[in-house]
Amino acid sequence: MKINSVVDYAVEAGVAVITVDSPPVNALSAPVRAGVYRGVETATTDAAVGAIVLICAGRTFCAGADITEFGKPPVSPLLQDLQSLIENAPKPVVAAIHGTALGGGLELALVAHYRIAVPAASCGLPEVNIGLIPGAGGSQRLPRVVGVEAALEMITSARHVPAAQAHAMGLLDVLAQGPDLRAAAVAFARRVMAEGRPLRKVRELDAKLQAARAAPGLFAEFRAGHARQFRGFLAPEYAIRAVEAAVNLPFDAGIAEEKRLFRELLEGSQSAAQRHAFFAERRAAKVPGVPADMPTRTIARVGVIGAGTMGGGIAMNFLSAGIPVVLVETSREALDRGIGVIRRNYENSAKRGASGAADVARNMALLTGSLALGDLADCDLVIEAVFEQMAIKQDVFARLDRVAKPGAILASNTSYLDIDAIAASTSRPGDVLGLHFFSPANIMRLLEIVRGRDTAVDVIATAMKLARTIAKVGVVVGNCHGFVGNRMLAARNREADRLVLEGALPWDVDRVLYEFGFPMGPFRMRDLAGLDIGWDAAKSSSSTVRELLCEMGRRGQKTGAGYYDHHAARNAAPSAVTERLILDFAARQGVARRAIADEEILERCLYPMVNEGAKILEEGIAARSSDIDTVWLCGYGWPRYRGGQMFWAELEGLPKILGRLRALQQVHGDEFRPAPLLERLVAQGGSFHDFAGPDAG
Ligand code: NAI
């Protein structure tokens, strides 16, 4: 019997089976809540029914709340009304889980008296990912079931816990054997009836909370142990407070506290930023001018040219995804070194338990090293990652053009160079594009997909699909110097250098950006990458602090010294030598150094980036402002709780930014000249978010 368009009701051997069928993920929308509510009411009054099974059709159990309802007036029945109906039902309710029971989905399952799941299922409360905590009792019920430490770990990590583990933790009562979950759930419900098992209400369990009450240091320890990981984020801290409330308050008071904390987060800027980040990533997958059903080219074999810092990491992405790679170098020595690094990386991740020893062997078996470009003849995609010099890249592409098979995609990992100029050295510019990975390439999630003037649409579509295959977030960008990310980074670096000349020290700039939420500031980043990237000893003219440091042999962390002194790994100490060098250099330049406030450092570093972002948007280099945010979030460690560069700019206020840029332009010159788009948006009261770009018509 259909209860409504998304919920079905049937009675089978004395058990009512309520089935939710609301594709794609059975989110807890108003019709789903209403249907299940009616189903439970019906089952409760039906004398032929002794127990109730709640199950979902399609690919998953309820995968969470319907987040499109956030911020809208609540529609009854509320999830909490449905939960209380189920928890207080006079007949046992069994939640039957397949796929994922996440967020509101798991919170629904937690009011059932028993839970059964297929072994492939997983459970989680991932709300912190969008800057929230569980808001429907999850923080109060989960610790009662799995214990306080496990609940803290699960909620603050947003981890999806596999069914076997969830079973061991007590979150699931039974793992269903065999392929038919429905039959297993009905059989289990009948057993519950036959054995007269109690209506176990999670809200009434206390043993695991008692254990936590006996360990008063538990919360302080948890906070201290995760301080680095949670830095700047409100949601994990609020989650800890909510679980503390579960331990210290009666259930209903705990629920009220959870609700209060949830609301506070929901109304704050962090959750708005994190929800923006979440949707921005999804939006990036929709590329203007590339239909979703565009046929793509098959990528079964990949070539990588250059086995340096980037080439090795790039190759690993494909090996890990099971795609064979041919790695080409110019010398045996460079090739062996590159392959050695790949092997060590895999071995290290096996040692950490992130993968098995068998994975190392499997991945390495997919890798072929070569010294001949001709060995790339049967590759479907070739990614070039050689030195960042146009002449070298053009030479490589011209030779590649002669050996690559027809239809092969030819990509460059260039950081800044003109993709069209690279494509012009081939006879097939339609097959050429930029695939810009970020260091470390096997870890950073961003892939800038640079569309050249002639790049074919199916090549872009293939690159987007490929990004998903290797678990990257692909963002299509236009061709310009530095594309989206590095072009904006250059604006920040220019200011960071000027601030250091005018009066700040590198560690002042780094501290301000670290406190803003970046993992590290620009000078630490340079020390880490190597100050001599792009530096040429023969051409060095002592005309920047960076050149001077390189000339002194201070080339960054790898040489034990750069802007900082690096006595031990991860320990960068402000350097008296660097400070002296800066003071002398500024004096020679005739700069009267002054004290620079933190606020000025932040504005000078970030506002020019917003300005550059506005130009990028206006020129159509990025299709939308959220794509720029995604680039910064996934490629450069922009703090997620600040939503990305352009989202943050809106919060900061475009009129304020425009005013400061104008003032800075007066003092420092035209590099601060506001972008026309910024001027226009402020004049019209518009936002980056609504700006549709030049191609929108
Ligand atoms: P790298 O210097 O570590 O590696 C370059 C490798 O290419 C060397 O092993 C060299 O032997 C090899 N090579 C040079 N010419 C070759 C040729 N004709 N055939 C085959 N191999 C050749 O440089 P890195 O850092 O890996 O950079 C490579 C490219 O990636 C550059 O275009 C760079 O701008 C870009 N990139 C670098 C990033 C970084 O953080 N290092 C980030 C993103 C892009």
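Assorted remarks:
- Qualifying residue in segment 608-621 (condition: at pLDDT 95 or above, part of a helix (DSSP H, G or I), over 18 Å from Arg680 (Cβ atoms) and of a type in the set (S, T, N, Q)): no
- Looking across segment 241-254, the residues that are within 27 Å of the chain's Cα centre (by Cα) and surrounded by 19 or more Cβ atoms within 10 Å (Cβ to Cβ) come down to Ala242, Val243.
- Here Ala358 passes the criteria (1) surrounded by 15 or more Cβ atoms within 10 Å (Cβ to Cβ); (2) within 20 Å of Phe318 (Cα to Cα); (3) of a type in the set (A, V, I, L, M, F, W, C) except the one numbered (1).
- Checking Leu433 against (1) surrounded by fewer than 19 Cβ atoms within 10 Å (Cβ to Cβ); (2) more than 8 Å from the ligand (Cβ to nearest atom), the condition it does not meet: (1)
- Segment 316-336 residues that are over 15 Å from Glu384 (Cα atoms), paired with ones that are hydrophobic (A, V, I, L, M, F, W, C) and more than 9 Å from the ligand (Cβ to nearest atom) (beta carbon under 6 Å, 6 or more apart): Leu319/Val325; Leu319/Leu366; Leu319/Leu367; Ala321/Ile470; Ile323/Val302; Pro324/Leu366
- Of the residues screened, Gly289 is one that is small (Gly, Ala, Ser), touching a residue at least 12 places away in the same chain (Cβ under 8 Å) and at positive phi.
- Scanning segment 322-353 for residues that are in a loop (DSSP other than H, G, I, E, B), away from the ligand (no atom under 14 Å from the Cβ) and modelled with pLDDT of 95 or more yields Gly322, Ile323, Pro324.
- Among the criteria (1) within 13 Å of the ligand (Cβ to nearest atom); (2) surrounded by 17 or more Cβ atoms within 10 Å (Cβ to Cβ), the one Val302 does not fulfil is (1).
- Selection within segment 1-60 - assigned to a helix (DSSP H, G or I), in contact with a helix residue (DSSP H, G or I) (Cβ under 8 Å, 6 or more places away or on another chain) and of a type in the set (Gly, Ala, Ser): Ala30
- Members of segment 256-302 found to be polar (S, T, N, Q) and assigned to a helix (DSSP H, G or I), listed by number: Ser269, Gln270, Ser271, Gln274
For every residue, the table says whether it meets (1) among the hydrophobic types (A, V, I, L, M, F, W, C); (2) in a helix (DSSP H, G or I); (3) under 15 Å from Lys615 (Cβ atoms).
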position	(1), (2), (3)
Thr630	no, yes, no
Tyr641	no, yes, no
Leu651	yes, yes, no
Pro655	no, yes, no
Leu678	yes, yes, yes
Gly686	no, no, no
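- Residue that is nearest to the ligand (Cβ to nearest atom), among those in segment 396-415 that are outside any helix (DSSP H, G or I), under 19 Å from Ala300 (Cα atoms) and in contact (Cβ under 8 Å) with a residue 24 or more places away in the chain: Ser412
- Segment 1-10, subset in contact (Cβ under 8 Å) with a residue 24 or more places away in the chain and surrounded by fewer than 16 Cβ atoms within 10 Å (Cβ to Cβ), residue farthest from the chain's Cα centre (by Cα): Asn4
- Residue list for segment 294-324, restricted to those being closer than 19 Å to Asp431 by Cα and of a type outside the set (Gly, Ala, Ser): Met294, Pro295, Thr296, Arg297, Thr298, Ile299, Arg301, Val302, Val304, Ile305
- Close pairs (6 angstrom Cβ cut-off, 6 or more residues apart or separate chains): away from the ligand (no atom under 11 Å from the Cβ) in segment 529-540, in a loop (DSSP other than H, G, I, E, B) anywhere: Leu531/Arg555; Leu531/Gly562
- Of the criteria (1) within 25 Å of Asp629 (Cβ to Cβ); (2) within 16 Å of the ligand (Cβ to nearest atom), which one Lys465 fails: (2)
- Test: residue in segment 373-381 that is surrounded by fewer than 24 Cβ atoms within 10 Å (Cβ to Cβ), assigned to a loop (DSSP other than H, G, I, E, B), more than 8 Å from the ligand (Cβ to nearest atom) and not acidic (Asp, Glu): yes
- Cβ-Cβ distances below 8 Å connect the following pairs, each with a first residue in segment 554-580 that is free of Cβ contacts under 8 Å to residues at least 12 places away in the same chain, a second residue that is among the hydroxyl-bearing types (Ser, Thr, Tyr), and a separation of six or more residues or different chains: Ala573/Tyr564.
- Subset tally (residues that are crowded, with 24+ Cβ neighbours inside 10 Å and over 17 Å from Gly311 (Cβ atoms)) for segment 409-430: 2
- Identification of helices (runs of 4 or more DSSP H) wholly contained in segment 117-225 with 3 or more residues that are among the polar types (S, T, N, Q) and at pLDDT 95 or above yields no element.
- Residue in segment 614-621 that is farther than 25 Å from Ala467 by Cβ, in contact with a helix residue (DSSP H, G or I) (Cβ under 9 Å, 6 or more places away or on another chain) and of a type in the set (A, V, I, L, M, F, W, C) present: yes
- Among the conditions (1) in a loop (DSSP other than H, G, I, E, B); (2) without any contact (Cβ under 8 Å) to a residue 60 or more places away in the chain; (3) in contact with a helix residue (DSSP H, G or I) (Cβ under 8 Å, 6 or more places away or on another chain), Met364 misses just one, which is (1).
- Qualifying residue in segment 593-608 (condition: of a type in the set (Lys, Arg) and in contact with a Lys or Arg (Cβ under 8 Å, 6 or more places away or on another chain)): yes
- Within segment 65-84, one or more residues are in a strand (DSSP E or B) and surrounded by 22 or more Cβ atoms within 10 Å (Cβ to Cβ).
The values are calculated or read from the model by the stated rules, or taken from the named source; none is laboratory data. No experiment lies behind these values; they were computed from the predicted model shown. Cβ atoms come from the backbone with ideal geometry, glycine included; neighbour counts cover every protein chain shown.
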